[in-house]
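Working notes for the structure below.
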Amino acid sequence: MPILFTSSPRPAQESPRFTVRSIRVDAPATLADHIPEAPSALWLHESGGLIGIGEAARLEATGPDRFDALANAFRDLEASTDVEDLANLRGSGLVAFASFSYSPESSRPSRLVIPRYLLGSVEGRAFVTCVSSDSEESVGKTLTEPEEILALFSPGRVPTVAPRTMQPAHSGEAYRGLVKEAVQEIDDGVAEKVVLSERFEIDLGTLEASCLVPALAAQLNHRYPTAWTFALDDIVGASPEMLVRTEGPKVFSRVLAGSRPVSGDDELSAEERHAFLNDPKERAEHDFAARSVREPLMRLGVSLPPSEGPFVLHLPGIEHLATDIRGVAPDGLGILEIAGALHPSAAVSGTPRTAANEVIARLERVDRAGYASPVGWIGADGDGELAIALRMAHVQGTTLTVQAGGGLVSDSDPLTEHAEALAKTRPIVRALASLSSPEG
Ligand SMILES: C=C(O[C@@H]1C=C(C(=O)O)C=C[C@H]1O)C(=O)O
């Protein structure tokens with residue numbers, strides 16, 4: 001029986017006691033081949049990750065304190081949980097899938113979802129976890145035998161979709177007009193960088209969009225193995241950007257800002273990469289983003305080596321300027337506290353953050369909901385991964401709404417920015433297209 005917290009970190013009712021048990025199983029060659037028809041959550045990276053089925057508990061919070069509220073609620077839940085972790089692998093024991101909302105004003109709750117069953121695979125080793133509670137009458141007995149649990153992770157049917165078109169929220173001209181307005185705000189000194197985005201609706205006719213999530217996620221993981229593919233409730237996508245990853249005291253963040261779309265399977269040539277790396281506009285855009293991660297980390301007491309310059313990260317269809325930040329966290333600093341301090345980084349909001357968010361709210365007009373927000377998983381032992389939900393779609397009824405954008409600085413060109421936003425819809429568009437033609 002899911003328990004619900006809204007804003008307040010304390011449950012209204014007496015919370016149930018949970019028992020979590022993790023045990024090793026034979027590792028699947030590719031975890032994405034074991035996504036069942038209706039998973040409750042997915043996190044895929046290269047050949048591994050985590051797949052959740054069902055829901056043992058759900059914690060929700062809205063408002064400016066949503067990160068702290070969920071951190072406290074998860075700690076409370078941990079205190080009423082007995083853990084038998086025989087697997088002792090990253091992601092075993094008590095874990096929750098997480099998705100936050102971009103804005104503190106969003107009506108979409110930020111959430112932690114603890115699945116009833118989980119299959120995890122990490123570096124060629126795998127485990128299953130089951131979560132049972134002492135208030136199980138309404139949901140039935142929890143399976144505890146590893147073979148029985150593993151059998152739940154049988155791949156579902158891959159649906160076929162008739163080819164679909166995308167309807168942008170604005171005409172090309174109107175979107176380029178918004179880019180011009182944002183650049184004008186920058187020239188007027190309101191902000192130095194603003195990350196504007198566009199929404200694109202894909203109407204699936206009579207097909208429920210949620211039915212496509214397992215197949216879309218499998219395709220995304222196949223095409224973008226180095227990205228972090230996620231699905232939870234109303235979002236699905238494959239993010240190339242890691243807001244924060246923790247492992248013991250080690251903290252990692254991959255900051256992306258600065259983009260060069262490439263067509264088909266092309267890559268930038270060595271000269272083009274060099275020019276990209278040394279382009280003053282791209283570097284300015286990138287440096288705002290890298291600083292917006294480094295500085296709060298340092299304020300939190302994370303020790304960081306001196307910063308290194310960015311590198312070019314190649315992904316199918318687009319290349320980015322990327323900075324990997326690695327540090328060591330002080331004792332007791334949790335991943336949600338870090339994420340709360342970093343979100344939204346200047347890679348997805350702008351600089352200064354508050355002014356940029358005001359421009360975004362004024363020009364985009366629609367709640368970003370889960371777009372550009374932390375998504376991933378957290379463990380009770382403090383380990384976790386929270387990517388930024390990019391290259392994604394919201395899943396609602398029979399509609400997939402893809403959202404994508406890019407950072408604007410003083411000399412950004414509306415035509416180029418429009419093309420960049422379109423290029424960033426490609427992961428979802430291609431994954432969907434592959435479901436209408438099996439050869440993809
Ligand atoms: C805003 C998006 O991407 C972000 C913006 C980038 C840019 O401005 O160059 C690059 C990567 C992401 O940090 C998006 O994918 O929608």
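Once you order the gyration tensor axes a ≥ b ≥ c over the Cα atoms, which shape class does region 166-434 get: rounded for a/c under 1.5, otherwise prolate or oblate by comparing a/b with b/c?
Cα axes put region 166-434 in the rounded bin.
Could you give me the ³J(HN,Hα) list for region 310-317, computed from phi with Karplus coefficients 6.51, -1.76, 1.60 and θ = phi - 60°, whole Hz, x at Gly and Pro?
Per-residue couplings from phi come out as x, 10, 9, 9, 8, 10, x, x Hz.
Do you know the Lys pair count in the chain for C-alpha distances under 22 Å, with sequence separation 8 or more or different chains?
Pairs that pass both the separation and distance tests number 6.
Need the C-alpha centroid separation for region 14-33 versus region 221-288, integer Å.
Computed from Cα coordinates, the inter-centre distance equals 30 Å.
HN-Hα J couplings of region 397-404 from phi, Karplus 6.51/-1.76/1.60, θ = phi - 60°, integer Hz, Gly and Pro as x?
Each residue of region 397-404 in turn: x, 9, 10, 10, 10, 7, 10, 7 Hz.
Using modelled amide H (1.01 Å from N, peptide plane; none on Pro or chain starts), what sits under 5 Å from the amide H of Asp85, excluding residues fewer than 5 places away?
Long-range HN contacts for Asp85: Ser22.
Mind listing the phi-derived Karplus ³J(HN,Hα) values for region 142-149, rounded to whole Hz, using 6.51, -1.76 and 1.60 with θ = phi - 60°, and x for any glycine or proline?
Once θ is set to phi - 60°, the couplings for region 142-149 become 7, 6, 10, 6, x, 5, 5, 5 Hz.
Please report, as a whole percent, how much of the solvent-accessible surface of the chain comes from carbon and sulfur atoms (probe radius 1.4 Å).
On the way: 9160 of 18060 Å².
Carbon and sulfur: 51 percent of the exposed surface of the chain.
Would you tally the net charge around Val213, using a Cβ to Cβ cut-off of less than 14 Å, leaving Val213 out, and scoring K and R as +1, D and E as -1?
Values: positive: Arg157; negative: Glu37, Glu208, Asp233, Asp234.
Local net charge: -3.
Compute the signed sum of charges (Lys and Arg +1, Asp and Glu -1) over the other residues within less than 10 Å, Cβ to Cβ, of Leu390.
Working: positive: Arg391, Lys424; negative: Glu241.
Neighbour charge sum, excluding Leu390 itself: +1.
Report the net charge of residues surrounding Asn278, where surrounding means a beta-carbon distance below 12 angstrom and charges are Lys +1, Arg +1, Asp -1, Glu -1.
Details: positive: Arg273, Lys281, Arg283; negative: Glu271, Glu272, Asp279, Glu282.
Charge balance near Asn278 sits at -1.
The values are calculated or read from the model by the stated rules, or taken from the named source; none is laboratory data. Keep in mind that what you see is a predicted model, and the values were worked out from it rather than measured. Cβ: placed from backbone, ideal geometry, glycine included. Neighbour counts: every protein chain shown. These area figures cover heavy atoms from the full protein model, side chains too; ligands, DNA and RNA do not enter into them. Shrake-Rupley method; radii C 1.70, N 1.55, O 1.52, S 1.80 Å.
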